[in-house]
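The values are calculated or read from the model by the stated rules, or taken from the named source; none is laboratory data. Since the structure is predicted, the reported quantities are computational estimates derived from the model, not experimental observations. Counting neighbours? That spans all protein chains shown, and the Cβs are built from the backbone with ideal geometry, glycine included. Note: areas computed on protein heavy atoms with side chains; ligands, DNA, RNA excluded. Shrake-Rupley method; radii C 1.70, N 1.55, O 1.52, S 1.80 Å.
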Amino acid sequence: MVMCVLDADYIVRDGKPIVRLYVKTSEGAGIELVEGVEPYFYALPVADAKVLSEELGGLSGVVRVEEKHMVDNGDPVDVVKVFASIPKDVPQLREAVLRLDSCRGYREADIPFARRYIIDSGIVPMDGSDQVELNVASVDIEVASGGEPNANRHPVAMISYADSRGLKRVWVAGKDNPGLEYVEAVGSEGEMLEKLVETVRTQEINIITGYNSDNFDFPYLKDRAEKNNVKLNLGFDGSEVRMERRGMNMGARVAGRPHVDMYPVCRQVFNLPRYQLEDVYESLFGERKLDIKVSQITEFYESEDSEKFKILCEYSMADAVATLKIALRMLPLMYELSKVIRQPVYETARMGSGQRVEYLLIDEAYKQGIVVPNRPGDREYGDRDDSPYEGAFVVDPVKGIHDNIVLFDFRSLYPSIIISHNVDPSKLDCDCCEGKAPRAPNNHHFCLEGVGFIPGVLKGLLDRRVSLKAEMKSEEDLERKSLLDVEQQAMKLLANSMYGYYGFQRARWYCRECAEAIAGWGRKYIQKTIKIAESKGFNVVYGDTDSVYITKSGLEDVDEIIRVAKDFQKEINAELPESMELEFEGFYPRGVFITKKRYALIDTQGKLTVKGLETRRRDWCDAAKSTQQKVLDALLRDRDPDKAAETVREMVQRIKSGEVPLSELTINTQMTRNIGGYVSEGPHIAAARKAMKAGMDFKQGDIITYVVTKGSGSNIGDKAVVVDFAEEGDYDPDYYVNNQVLPAVLRILEALGYQEDELKGLGRQTSLGDW
DNA sequence: TACCAGAGGAG
DNA sequence: AAATCCTCTGGTA
């Protein structure tokens, strides 16, 4: 029978911890109790483990000890496993142990008990998630506050709910049903909350989701529940929703029914200009969902017109449905990550890359009898070198248009370097291979004997990915194929994070020398590739980190160009270490290179690829971006500069006429710190300040969407206004022409050899002359 | 004009 | 709480 472990926690009974595994099987959901699990950590002896064992025996709080042979940073080490009676005792006990004369340190005393149990027992969380039916429900609330909602003053206006079993509900209190089958009118706010809890229970929900529900819906519901003397006991065990601090943000934990907030998940997985529910929904499903303005929530709620109230209900329902749809699309990736790193999905969905890599490594360390390094304390963190180290090599591009470009890149360059050079902290600068092992450009070397811990883990990930991809090829069932694809993506994500992890100063397996060596070897390989390409008569027009764009002058025939390029590729690959490979990535009939990291290409299918240019950036307005895109299209596809010029002229005209809608003029810029944390404030902060004075709330991480209005003042910031406060037609045409559209297109045209003054005419809409 | 902080992209 | 390299803007002196 398949048993999917959704979540784990523990309770203490009679002074003993009991692990609770929340599971779902084909029979339904349940809790498995595991008794006899002992909390523990390791004590490191100064010299003799026996002496330490004896001394530990006399320490109060120590239940028992066990001497163990383990491996620490590649070397055998004797440790004493110290058992405590309950997990809460560990923090105090570890400090007491540290004070013993025969103890030089402790390890693994900060791994949460239930999560530790998952690792030690070999349980794979979410395994079987595709074989048992997981019921997913999304929850969304509306508050009619007229401004920023405040749980002390504003009740919940409505709660909307949608689940994967097809049930939809909108609960409203003290209002008539406007005639929608999913609306249920109840008497009070408290009853709405009770309805939600009851429905989650009767629908046997396993996964709860929301959009920004960690920081809004659940804390709000919790506060209101308290005010109404109602318990928000959504937990499978009947427990209430618990708010936890997780770094900068909050997490709403529901025992046994993992709550996954889609907002942070989408921010992590997608690259979008904005991450409002509407934006994510549209980019995922290519359609817009019903949307209303924030100010309309209160207006429609308080309106006597029942049609308006009906629209509000429909909007709220649409939010819950959209969130559910997003969740059903995104959760499989979270489940797969959860499986690989062997942590509950609630935790996994809230982790960054560093933490995910770390738990993967902790799990592997346990399997191999390796003692996990401690997280750096404040002291060690401060001692770690925080100066930047030399990273990747970037070729200054040959600016302008090139025809018939061949792109090669190294497959998984950094992971393959880690594996082929055995880059691991325990293999760093061994005596045995001094002079024998190849030196990295930072002059360090790595032991040739035995596979390092991290290279081994990484090889496991890459091998698994290769076999998944092979399985995918022969798989005909599309559903199964997409599951394999998601699993493959999880492997890739983790493999690609390993290099960054080495350079991460808060990492347990931090190794600056390793990170530098990897980057250094990366530079060496790409530079060597460039050199050989040039010696073979190719022109290297651009390259970045692991890629080279080459052309061949004198050859007209495309097949011939690709043939000679592939000969060159073969030659490179013959010289590379086994796990490394230069791959043919594509052929482009034409491309334009502006500067490092900024260029555009067109492929044989006529598809444009744009990198780094304004088109790709959220902090430029659509008017500028779409004009730039059209210019690139005209130049690369139609090879028609006149058409490009016409496009620009039209947009300049439209802007000057004042007819461009604000939606084409908004600029999105993230507030990367809290207001007050700025030494110098750009237009987005100026706009945010004004909006905050008017009652809006902005915090670190929010994306400010603003427009530059006619306004007055010498700075752009003086005229920048958050879009909600702007009127259609009120925008500064000079700014949009001179600071948005023209710079974006002029850079491209200049790279093509047009003179600036010759192009300036564009702005004045004079004759374009004969360029 | 030169410089800096800030932002967001590439790989 | 993954890394560095790089371009560009807006504000200021």
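Has segment A:155-170 got at least one residue that is among the aromatic types (F, W, Y), within 29 Å of A:L328 (Cα to Cα) and open to solvent by less than 40 Å² (accessible area, probe 1.4 Å)?
Yes: segment A:155-170 contains one or more residues that are among the aromatic types (F, W, Y), within 29 Å of A:L328 (Cα to Cα) and open to solvent by less than 40 Å² (accessible area, probe 1.4 Å).
Mind counting the residues in segment A:599-640 that are touching a residue at least 24 places away in the same chain (Cβ under 8 Å), of a type in the set (D, E, K, R), open to solvent by 10 Å² or more (accessible area, probe 1.4 Å) and within 15 Å of DNA strand B (Cβ to nearest atom)?
Here the count works out to 4.
Is it the case, given these coordinates, that A:A517 is buried (at least 21 other Cβ atoms within 10 Å of the Cβ), within 16 Å of DNA strand B (Cβ to nearest atom) and outside any loop (DSSP other than H, G, I, E, B)?
In short, yes.
In segment A:533-552, what residues are open to solvent by less than 80 Å² (accessible area, probe 1.4 Å), touching a strand residue (DSSP E or B) at 6+ places or on another chain (Cβ under 8 Å) and away from DNA strand B (no atom under 16 Å from the Cβ)?
Correct list: A:A533, A:F538, A:N539, A:T551, A:K552.
Can you tell me which condition A:E585 does not meet? The list is (1) farther than 21 Å from A:L636 by Cβ; (2) modelled with pLDDT of 95 or more; (3) of a type in the set (D, E, K, R), and all the others hold.
(1)
Of the residues that make up segment A:103-124, is at least one surrounded by 20 or more Cβ atoms within 10 Å (Cβ to Cβ) and within 26 Å of A:K308 (Cα to Cα)?
No, every residue in segment A:103-124 fails to be surrounded by 20 or more Cβ atoms within 10 Å (Cβ to Cβ) and within 26 Å of A:K308 (Cα to Cα).
Residues that are within 30 Å of A:G591 (Cα to Cα), away from DNA strand B (no atom under 16 Å from the Cβ) and more than 17 Å from the chain's Cα centre (by Cα): list the helices (runs of 4 or more DSSP H) wholly contained in segment A:331-404 that include at least 2 such residues.
By residue number, no helices (runs of 4 or more DSSP H) qualify.
Out of all the residues in segment A:627-634, is one or more closer than 26 Å to A:Y263 by Cβ and within 16 Å of DNA strand C (Cβ to nearest atom)?
Looking for residues that are closer than 26 Å to A:Y263 by Cβ and within 16 Å of DNA strand C (Cβ to nearest atom), one finds none in segment A:627-634, hence no.
Sort out which residues of segment A:658-690 are more than 16 Å from DNA strand B (Cβ to nearest atom) and open to solvent by less than 70 Å² (accessible area, probe 1.4 Å), and write them in order of number.
A:G658, A:V660, A:P661, A:L662, A:E664, A:L665
For A:S416, state whether it is of a type in the set (S, T, N, Q), under 29 Å from A:Q527 (Cβ atoms) and assigned to a helix (DSSP H, G or I).
For A:S416, the condition - of a type in the set (S, T, N, Q), under 29 Å from A:Q527 (Cβ atoms) and assigned to a helix (DSSP H, G or I) - is met.
Please go through segment A:4-26 and pick out each residue that is under 14 Å from A:L134 (Cβ atoms) and over 29 Å from the mean Cα position of the chain (by Cα).
A:T25, A:S26
Within segment A:370-396, take every residue that is surrounded by 13 or more Cβ atoms within 10 Å (Cβ to Cβ) and small (G, A, S) and give me the one that is farthest from A:S426 (Cα to Cα).
A:A392
Kindly indicate the residue of segment A:693-722 that is under 19 Å from A:N212 (Cβ atoms) and open to solvent by 60 Å² or more (accessible area, probe 1.4 Å) and also farthest from DNA strand C (Cβ to nearest atom) among those meeting that condition.
That would be A:D697.
Determine whether A:P39 is touching a residue at least 40 places away in the same chain (Cβ under 8 Å) and crowded, with 21+ Cβ neighbours inside 10 Å.
Yes; evaluated as a whole, the condition is true for this residue.
If a residue must be open to solvent by 40 Å² or more (accessible area, probe 1.4 Å) and either in contact (Cβ under 8 Å) with a residue 24 or more places away in the chain or under 14 Å from A:A515 (Cβ atoms) (or both), how many such residues does segment A:430-449 contain?
Here the count works out to 3.
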